[in-house]
Amino acid sequence: MKSPQLLLLATVLGLAGFIPTARAAVPILTAAESEFFESKIRPVFVENCYKCHSAGAEKIKGGLLLDTREGVLKGGNTGPVIVPGNPDKSLLITAVRYKDKDLQMPPSDKKLPDNVIADLEQWVRMGAPDPRTEGASAKATYAADIEKAKKHWAYKPVVKPSVPEISRSVISRSVISNQPGGTVTTDSLITDSTQ
């Protein structure tokens, strides 16, 4: 049985942000979903959309921000820009297909190549997986090189290195004894290789 004080404490801590709440839920993506977004979707947004649809834009057009996961899901002045799982009902896909003369993005007859449109359709069909968890501005975006990141030392498995053999010779003895305060007190620790 829960005490009222414990329930009150949990509520207060939850409201203060100490306990994760439903609003902080972030979908868990597979590596393939994250890689698809980072290699095929984010670069398209950065190169073609952020000029007008990011926090770094001089004037945000249509109230739409594409530089955050929240902005993509919220949409703009006309409502949600994507319907996860359904490209045919997503305004973003309608705009990039150039089928509606009143809704064409990017503007000025700069239609995206068919393979890029196909990638956007596939992304929406996948449920629009987006690994971005924090609000990001155009200044903080980049195209990630996943393969390069996998080679970083921090992501390699921990291995026990081999220890080199040490020759306990006169040189070893002289190095220790020449150190400030260094003396060789036991011959069993360092012996001449000539003995």
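Multiply the residue gap between Ser162 and Lys111 by 0.36 nm, knock off their C-alpha separation, and tell me the result in nm, one decimal place.
12.6 nm
Once you charge only the Cβ atoms, +1 for Lys and Arg and -1 for Asp and Glu, what is the size of the charge dipole of the range 28-145 about its Cα centre, to the nearest 20 debye? Walk me through the intermediate numbers first.
Numbers: 16 positive and 17 negative charges, 80 e Å.
Taking the Cα centre of the range 28-145 as origin, the dipole is about 380 debye.
Distance between Cα centroids, the range 65-126 to the range 29-45: provide it in whole Å.
Answer, in whole Å: 15.
Which of the lysines could a cross-linker span from Lys148 if the Cα-Cα distance has to be under 21 Å and same-chain partners fewer than 8 positions apart are dropped?
Within the straight-line limit of under 21 Å, Lys148 reaches these lysines: Lys40, Lys156.
Using modelled backbone amide H atoms (1.01 Å from N, in-plane), which distant-in-sequence or interchain residues come within less than 5 Å of Gly76's amide H?
Val81
Shape of the range 28-145 from its Cα gyration tensor (a ≥ b ≥ c, root eigenvalues): rounded if a/c is under 1.5, otherwise prolate when a/b > b/c, or oblate?
rounded
Distance in nm between label sites at Glu58 and Glu70, each 7 Å beyond Cα in the beta-carbon direction?
Rounded to a tenth, the inter-label distance reads 2.7 nm.
Rule-based calculations on the coordinates, nothing more; no lab input. Note that this is a predicted model, so its numbers are computed, not measured. Positions of Cβ are generated from backbone atoms using ideal geometry, with glycine treated the same way; all protein chains shown enter the neighbour counts.
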